[in-house]
Amino acid sequence: MASAPVGRALRFLDPGVIARLGTMELKARTVVEGFLSGLHRSPYKGFSVEFAEYRQYLPGDDLNTIDWKVYARTDRHYVKKFEEETNLECHLLLDQSASMSYRGAAPMSKLEYGSVLAASLAFLMNRQRDATGFIAFDEQIRFRLPAAARPGHLHALLLALERVQTGQRSNVGRPLHQLAEALVKRSLIVLISDLLDDPEPVIKGLRHLKFRGSDVVVFQVLDPNELTFPFKTAARFTDVETAEEIVADPSRARTDYLRELAGLTGRYDRELRGAGIDYVQLDTSQPLDFALLAYLSARARRK
Amino acid sequence: MSFLYPAFLFGALAVAVPIVLHLLRRDVAPEVPFTAVRLLKISPVERSRRTRLRDLLLLAARVAAVLLLAAAFARPFAPGAAAAMAPLRIVAVDRSFSMAAPGRFERVLERARAAVDEAAFAERVAVIAFDDRAAVIAEPGAAADARSSLSTLRAGSGGTRYSAVLSRAAEMANGGEARLIVITDLQRAGWEGDSRARIPATMQVETRDTGAPPANLGVVDARLDDRRVTAAIRNASAAPASGTVTLMHQGREVARAGYAAAPATTVEVSLPWQPSSGGVVLSIADDKGYPADNARYLVIHATEIPAVMIVSSPDSPGFYLQRALAADESRDPGGFRTRLVSTAEIAGGRAEMIAKHRALVLLSTRNLDRAAREAIAGFVRTGGGLLIAAAPDVEPSVVASLFGWSTAGFVPAEARQASLTATDSRHPILRPFGAFAANLGNVRFERAWKVDGTGWHVAARFDDGSPALLERGEGQGRVVLFASDLDRRWNDFPVHPTFVPFVTEAVRHVAARAVSPDQFVVGRVPAGIPGEPGVHQLEGGRAIAVNVDPRESSTSLMTSQEFSDMLEPVAVTMARSAREEQTESRQSLWQYGLLMMLGVLIVESFVGRA
């Protein structure tokens, strides 16, 4: 019964639709509202010491939330609603290196896709009263917005996301170490990057964060062209970061390339999962709901 | 293989362009921005075997196209091909109207077929039919084609001209070995004059006689005299002949008269005729001779009396001029119809009224408005005549403005004592005076314009040297200017005996127009008129008479030896370049080269798109 509304809602998660929207806030709101309307159960009403309201019991509500005193008085089941306690600090790390500006066949570049993803997560966190921070980096940290949950912080964060420019070469490991050293509180770290870097320092940096007690979610954002290498004619492939040129015939080089890419992503998947880090690979041509579900899953584990 | 313009072969160097492009662009690949370049193994662009084959095909096609284009411009030819050509037999058939006597053309065709059948196996045979022109009926080729082409031949209306067939045969032989067999009645009239005809030494000429001529009677001339039509009848036989000449007008017999002609004589017969415009035909009956000369056509135009407009004013009434022209008015033909108008009557142009006249005499320009001046100028430029007499009422500035002449060329009347002297006695106005032109010197001139003769033809001058009678062309018409008065105010000319012939001839001269001929001979008719005897209409509606050439009616023949004596074989020393040009022109290999280039380009486009 709920499939039709869900289908309509998911339409708003389509990158092609989101790319045409105006501000980052509108994009994030569209993504989050569309995502949430597609869920069967409210995911973000949690436990808190601060009473919010009574609401009639509905099938699916946790039985622990039923106020039995009210039941005794009224002979009806009511559940107690509480404002969720804000005890989570979340840091969104967005890779703004030159490779993130690549846009092949997808409607958005990886940086745009990552920005919308970060904005959506921030929007979601804000609704849950989580303190949200933002870091943009390439080979070093270029912008940092400390985590906060105060009113107006979301607007500042979205504004910062909107102003993110393409940076220089990427060095993901370095800012991760910097952040790990700077963290004083266990947090949720969300890394959004294409991870087309030397995997060794990246994994070390992420382990460093995990070691400091933070939960880490890694979104590897890749363009469909990077995932499938669909080129047909021989070409000079020029690296957008290093300007390195390689002349290749795709018909011959595709197999080797895809094998190398699978090796790289397989290593990330294997080693990060082994370290208890969530690793999610995203295709910029695909909707964002997968990424949001991955986040909520990580957050639920944290509880 | 040789080339007519080998310099164009340098254009073949352009093949370097596709070759260089092929070599330079072989490894060029477009730049594609990418991110995971480090994941790409270096794999040099190795083209597949099929791609390499396609590139080679494209290169070959482009090189071939350039080479073929250069070769086509260089005009290739095979020099040995001309020498290896088979001998040529040309059968020339006389189809002049002298061949149309009963049973005669059948004999001609028999001889022609025999001449074709005599051709050797490897010999090429061509057929030319000729009268005053030569037409190729069968191009050099198989004898069977030549034989079948003979069945289409008929005797025509033209006269015999051997020069036409000899030159056409020489052109066809093109310097090669050829044998020309002329089947003709050997009419002496077929040779124009006594000059011999030059033929290539490589061409043998042989005549085949068609037998003795028939006894022929023909109308060889027709003319219109004063109310009579005269026909000239030639008896070309050896026996006296007599008969009747009939005059037909619009299909109706209007007169007839008998004639009797002694052997080999021409007699003239006159028939009464009330002049009327249109075509007439004079005919006789002669069933033994040539049918085409039994009738002769004549076109008669209605007599047109030229109309002359005299522009005058009360001060310049043109009295003497009008009286002089009236004296000539009764002459038929040759008279005038004069009309006296004032300048006020042609004010506003009145171009239509002016155009009805053949000539305009300007005795006054007072009150001649601009529209009238433009109408006069237009009248002259379209073929009208204008006689201007300097008079007190004629303003030099107005005269100059008519045709944009410089006003400095006309100095108004000066008082002087002068007399007239004819300086060009052959001028049409003065020629009739002959030795009496000196009498013009008796006229005393007291006043006259001083005209600058630049751009004019001066026919007479005053004794002080200034021009007195001038003429110039304007458009299709002519202007005659007399530098003094014709109304006895500046001279006493009107009272002299020379006045009447002078003004009559002056007006006749400006009123004269070019007379187009209305008599033509078959073979020399205007374009668009069929070359058959009869009365035909030109595009403008004017009728013309077309008759057969009377020389063809003659039965004077020559022998084969006399015919041969009229030929002068000359060695053909054709320049090498001319010979090569002819060979190349005949082979036209360049056309095949361009066709091949087109085919190659089509293949290239298909391969390129694959």
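The values are calculated or read from the model by the stated rules, or taken from the named source; none is laboratory data. Bear in mind that the values here come from a model prediction, so they are computed numbers and not experimental data. Here the Cβ is made from the backbone with ideal geometry for all residues, glycine too, and neighbour counts use every protein chain on show.
Could you check how many residues of region B:207-253 are polar (S, T, N, Q) and at pLDDT below 85? Matching residues across region B:207-253 total 3. Here A:Arg169 passes the criteria (1) surrounded by 17 or more Cβ atoms within 10 Å (Cβ to Cβ); (2) within 14 Å of chain B (Cβ to nearest Cβ) except the one numbered (1). Restricted to region A:240-279, and to residues there that are farther than 15 Å from B:Ala36 by Cα and aromatic (Phe, Trp, Tyr), the residue that is nearest to the other protein chains (Cβ to nearest Cβ) is A:Tyr268. For region A:91-149, a tally of residues being among the β-branched types (Val, Ile, Thr) and either within 20 Å of A:Pro287 (Cα to Cα) or more than 17 Å from the chain's Cα centre (by Cα) (or both) returns 2. When you look at B:Glu106, is it in a strand (DSSP E or B) and without any contact (Cβ under 8 Å) to a residue 24 or more places away in the chain, yes or no? The answer is no for B:Glu106.
Within the bounds of region B:129-151, is there any residue that is surrounded by 14 or more Cβ atoms within 10 Å (Cβ to Cβ), at pLDDT below 90 and hydroxyl-bearing (Ser, Thr, Tyr)? The answer is no, given that none of the residues of region B:129-151 is surrounded by 14 or more Cβ atoms within 10 Å (Cβ to Cβ), at pLDDT below 90 and hydroxyl-bearing (Ser, Thr, Tyr).
Taking residues in region B:418-442 that are assigned by TED's automatic domain parsing to the domain that holds B:Pro494 and closer than 15 Å to B:Ser466 by Cβ, and partners anywhere that are modelled with pLDDT of 85 or more and acidic (Asp, Glu), the pairs with Cβ atoms closer than 6 Å and at least 6 places apart or on different chains are B:Ala418/B:Asp463; B:Ala418/B:Asp464; B:Ser419/B:Asp463; B:Thr421/B:Asp463. Inspect region B:429-436 for any residue being under 23 Å from B:Met309 (Cβ atoms) and not in a strand (DSSP E or B) and give the result as yes or no. Yes, region B:429-436 contains at least one residue that is under 23 Å from B:Met309 (Cβ atoms) and not in a strand (DSSP E or B). Considering (1) within 29 Å of B:Ala307 (Cα to Cα); (2) touching a Ser or Thr at 6+ places or on another chain (Cβ under 9 Å); (3) of a type in the set (Ser, Thr, Tyr), the lone condition that B:Thr382 does not fulfil carries the number (2). Residue count for region A:142-158, restricted to those that are in contact with a Ser or Thr (Cβ under 9 Å, 6 or more places away or on another chain) and either under 13 Å from A:Leu93 (Cβ atoms) or not in a loop (DSSP other than H, G, I, E, B) (or both): 7.
Out of B:Pro533, B:Pro467, which single residue is within 30 Å of B:Tyr290 (Cα to Cα) and buried (at least 16 other Cβ atoms within 10 Å of the Cβ)? Please lay out each step first, then the result.
On the way: B:Pro467 fails: within 30 Å of B:Tyr290 (Cα to Cα).
Result: B:Pro533 is the single residue among B:Pro533, B:Pro467 that is within 30 Å of B:Tyr290 (Cα to Cα) and buried (at least 16 other Cβ atoms within 10 Å of the Cβ).
Restricting region B:471-483 to residues that are outside any strand (DSSP E or B) and touching a Lys or Arg at 6+ places or on another chain (Cβ under 7 Å), the residue that is modelled with the lowest pLDDT is B:Gln476.
Here the condition is being in a strand (DSSP E or B), of a type in the set (Gly, Ala, Ser) and either modelled with pLDDT under 80 or out of contact with any strand residue (DSSP E or B) (no Cβ under 9 Å at 6 or more places or on another chain) (or both); of A:Ala52, A:Ala72, A:Ala136, A:Ala28, it holds for A:Ala52 alone. The residue list B:Leu68, B:Leu23 contains one member that is over 30 Å from A:Leu258 (Cβ atoms) and modelled with pLDDT of 80 or more, which is B:Leu68.
The set of residues in region B:351-364 being in a loop (DSSP other than H, G, I, E, B) and either β-branched (Val, Ile, Thr) or surrounded by fewer than 17 Cβ atoms within 10 Å (Cβ to Cβ) (or both) consists of B:Lys356 alone.
Would you point out the residue of region A:173-204, among those that are part of a loop (DSSP other than H, G, I, E, B) and away from chain B (no Cβ under 14 Å), that is surrounded by the fewest Cβ atoms within 10 Å (Cβ to Cβ)?
A:Val184
Does B:Glu604 qualify as being under 30 Å from B:Arg62 (Cβ atoms), buried (at least 16 other Cβ atoms within 10 Å of the Cβ) and either outside the structural domain of B:Arg133 (by TED's automatic domain parsing) or in contact with a strand residue (DSSP E or B) (Cβ under 6 Å, 6 or more places away or on another chain) (or both)? So B:Glu604 fits the description; yes. Looking only at residues of region B:1-20 that are loosely packed, with under 15 Cβ neighbours inside 10 Å and modelled with pLDDT under 85, we find that the one that is nearest to the other protein chains (Cβ to nearest Cβ) is B:Met1. Scanning region B:384-404 for residues that are part of a loop (DSSP other than H, G, I, E, B) and without any contact (Cβ under 8 Å) to a residue 24 or more places away in the chain yields a single hit, B:Gly404.
Within region A:205-230, if we keep just the residues that are closer than 21 Å to A:Leu293 by Cβ and within 14 Å of chain B (Cβ to nearest Cβ), the residue that is surrounded by the fewest Cβ atoms within 10 Å (Cβ to Cβ) turns out to be A:Pro224.
Does B:Ala70 satisfy the criteria of being of a type in the set (A, V, I, L, M, F, W, C) and either at positive phi or touching a strand residue (DSSP E or B) at 6+ places or on another chain (Cβ under 8 Å) (or both)? It is false that B:Ala70 is of a type in the set (A, V, I, L, M, F, W, C) and either at positive phi or touching a strand residue (DSSP E or B) at 6+ places or on another chain (Cβ under 8 Å) (or both). For A:Arg252, are the conditions met, namely being among the basic types (Lys, Arg), surrounded by fewer than 17 Cβ atoms within 10 Å (Cβ to Cβ), free of Cβ contacts under 8 Å to residues at least 12 places away in the same chain and under 25 Å from A:His177 (Cβ atoms)? Considered against the rule, which asks whether it is among the basic types (Lys, Arg), surrounded by fewer than 17 Cβ atoms within 10 Å (Cβ to Cβ), free of Cβ contacts under 8 Å to residues at least 12 places away in the same chain and under 25 Å from A:His177 (Cβ atoms), A:Arg252 comes out as no.
Can you find a residue in region B:537-546 that is closer than 30 Å to B:Phe403 by Cα and either part of a helix (DSSP H, G or I) or under 27 Å from the mean Cα position of the chain (by Cα) (or both)?
yes
Considering only region A:236-246, I want to know if a residue exists there that is assigned by TED's automatic domain parsing to the domain that holds A:Gly173, modelled with pLDDT of 85 or more, on the phi > 0 side of the Ramachandran plot and crowded, with 16+ Cβ neighbours inside 10 Å. No, region A:236-246 has no match at all. Residues that are of a type outside the set (Asp, Glu) and in contact with a helix residue (DSSP H, G or I) (Cβ under 6 Å, 6 or more places away or on another chain) within region A:246-260 comprise A:Ile246, A:Tyr257, listed in sequence order.
Screening B:Arg208 with (1) in the same structural domain as B:Gly159 (by TED's automatic domain parsing); (2) surrounded by fewer than 18 Cβ atoms within 10 Å (Cβ to Cβ) gives one miss only, at (2). Scanning region B:409-444 for residues that are within 36 Å of the chain's Cα centre (by Cα) and among the aliphatic types (A, V, I, L, M), we see that the one that is surrounded by the most Cβ atoms within 10 Å (Cβ to Cβ) is B:Ile429. Of the residues in region B:60-73, none is in a loop (DSSP other than H, G, I, E, B) and either out of contact with any Gly (no Cβ under 8 Å at 6 or more places or on another chain) or crowded, with 23+ Cβ neighbours inside 10 Å (or both).
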